[in-house]
Amino acid sequence: MLNLEAHQEDERALTRKIYEIFVKEGFVVIVSCLSPEPVCCHSREPAVVILVKLWSKYKVTNIPSLIFIEGSTGRIVSRNGHQIIRDDPLGTDFPWTPKSFGEVIAGSLIKNSGQIVDSSTLDGSYVGVYFSAHWCPPCRSLTRVLVETYRKIKEMGTKFEIVFVSADRSEDSYKQYFSEMPWEAVPYTDEARRSRLNWHYGIQGIPTLIILDQEGKIITRQGRPAVLNDVDCKEFPWHPKPVLELNESNAMQLNEGPSLVLFVDSDEEELEPAKQLIQPIAEKLFAEHKAKDEEPPLLFFVAGDDDMTDSIRDFTNLPESAPLLTILDMSQRAKFVKDVEEITPAIVEEFVMAYLKEKLKPEPI
């Protein structure tokens, strides 16, 4: 799926390459030139409805976005199709089926001392794949915390390594930044491997920290908030939780896809009862989609009464009432609101299922 704005002249050459590759292989490419302005799903225009559904289903947050999927299953092959096309303009490796971490990372890694090690030294370890750059202020802030996290986990005796994948704009900048890191890196000169790692994990922004298990499978793509919320590393390796407490370090996840947020009028200590209200449906959806090796269609949060929550309420123009059950789709600037006096697990499940069956009428954010 490729979404382009008609005025993006610099993407026309890319579109021609895509067309040539896919037509040669007997595939069809659908190009939407509609602008991703906020539209409501109850629109009577079928093309608009389909566009909104595709943006929501594949969690498109920016354009151009080219997503490869398996036609038979609908599973995502890669979210970074435009980067794949640039790296492989002749389609030599088509259909670009996913490879294992061991295959993608294969080669030499470097330490900031200059020592060269083989990527096979990562075998049997938990691995953090760290996409970052010196020019990015949030990256530098996360790196300072991550250095301490790395040392604490090592001191615990856990086999853990981090691999830095640089997005720096020059080798000098890369060297300066890497000198602060006690872990390993893909050599800056190995641009092809850095690029492969980016499209393999569908990286759309930095900093991104992906945590892998000892077999190279993804535990979580949300390593950044996990590190910031667990400075003592008590929850390492940070397996995803069905329900999260909304805070400053994980609020960015609201931009990554539709999110159910239960707003309550309570402080942090009283959020646990609120979690129990949405835990059953959250666990159910997580289990169903994990079995299919898919991401759940919703993220689940509880939010207390604080300045950050007030900012979200103001931005999304939500009523001040509490408890307040909502589903926020920031990418589509749409919201779904359930404002009742009492929230029960049954009400939450009914609300979620109605949303998933597209029976709810959205309101604009």
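Filter the stretch 273-293 for residues that are modelled with pLDDT under 90 and surrounded by 12 or more Cβ atoms within 10 Å (Cβ to Cβ); which is farthest from residue 340 (Cα to Cα)?
Only one residue fits best here, namely 290.
In the stretch 122-142, what count of residues is obtained for those that are within 19 Å of the chain's Cα centre (by Cα) and free of Cβ contacts under 8 Å to residues at least 60 places away in the same chain?
0
Scan the stretch 240-256 and tell me whether some residue there is open to solvent by 10 Å² or more (accessible area, probe 1.4 Å) and in a strand (DSSP E or B).
Yes: one or more hits.
What are the pairs with Cβ atoms under 6 angstrom where one residue, in the stretch 340-359, is assigned by the TED database to the domain that holds residue 277 and the other, located anywhere, is open to solvent by 50 Å² or more (accessible area, probe 1.4 Å) and part of a helix (DSSP H, G or I)? Sequence gap at least six, or different chains.
345/280
Restricting to the stretch 169-228, give me the number of residues that are open to solvent by less than 40 Å² (accessible area, probe 1.4 Å), more than 23 Å from the chain's Cα centre (by Cα) and among the basic types (Lys, Arg).
Of the residues in that region, 0 qualify.
Yes/no per residue for (1) over 12 Å from residue 132 (Cα atoms); (2) part of a strand (DSSP E or B); (3) of a type outside the set (D, E, K, R):
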| site | (1), (2), (3) |
| --- | --- |
| 165 | no, yes, yes |
| 169 | no, no, no |
| 174 | no, no, yes |
| 180 | yes, no, no |
| 189 | yes, no, yes |
| 197 | yes, no, yes |
| 204 | no, no, yes |
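Step by step: first the residues of the stretch 217-239, then only those that are touching a strand residue (DSSP E or B) at 6+ places or on another chain (Cβ under 7 Å) and not in a helix (DSSP H, G or I), then the one that is nearest to residue 347 (Cα to Cα). Which residue is that? Even if it seems obvious, please write down each step before you answer.
Filtering the stretch 217-239 for residues touching a strand residue (DSSP E or B) at 6+ places or on another chain (Cβ under 7 Å) gives 218-221, 223-224, 226-227, 237-239.
Going one step further and asking which of them are not in a helix (DSSP H, G or I), we end up with 218-221, 237-239.
Numbers: 218: 33, 219: 31, 220: 29, 221: 30, 237: 33, 238: 30, 239: 27 Å.
Here the residue is 239.
The values are calculated or read from the model by the stated rules, or taken from the named source; none is laboratory data. Bear in mind that the values here come from a model prediction, so they are computed numbers and not experimental data. Cβ atoms come from the backbone with ideal geometry, glycine included; neighbour counts cover every protein chain shown. Accessible surface is based on the protein model in full, side chains and every heavy atom, while ligands, DNA and RNA are left aside. Shrake-Rupley method; radii C 1.70, N 1.55, O 1.52, S 1.80 Å.
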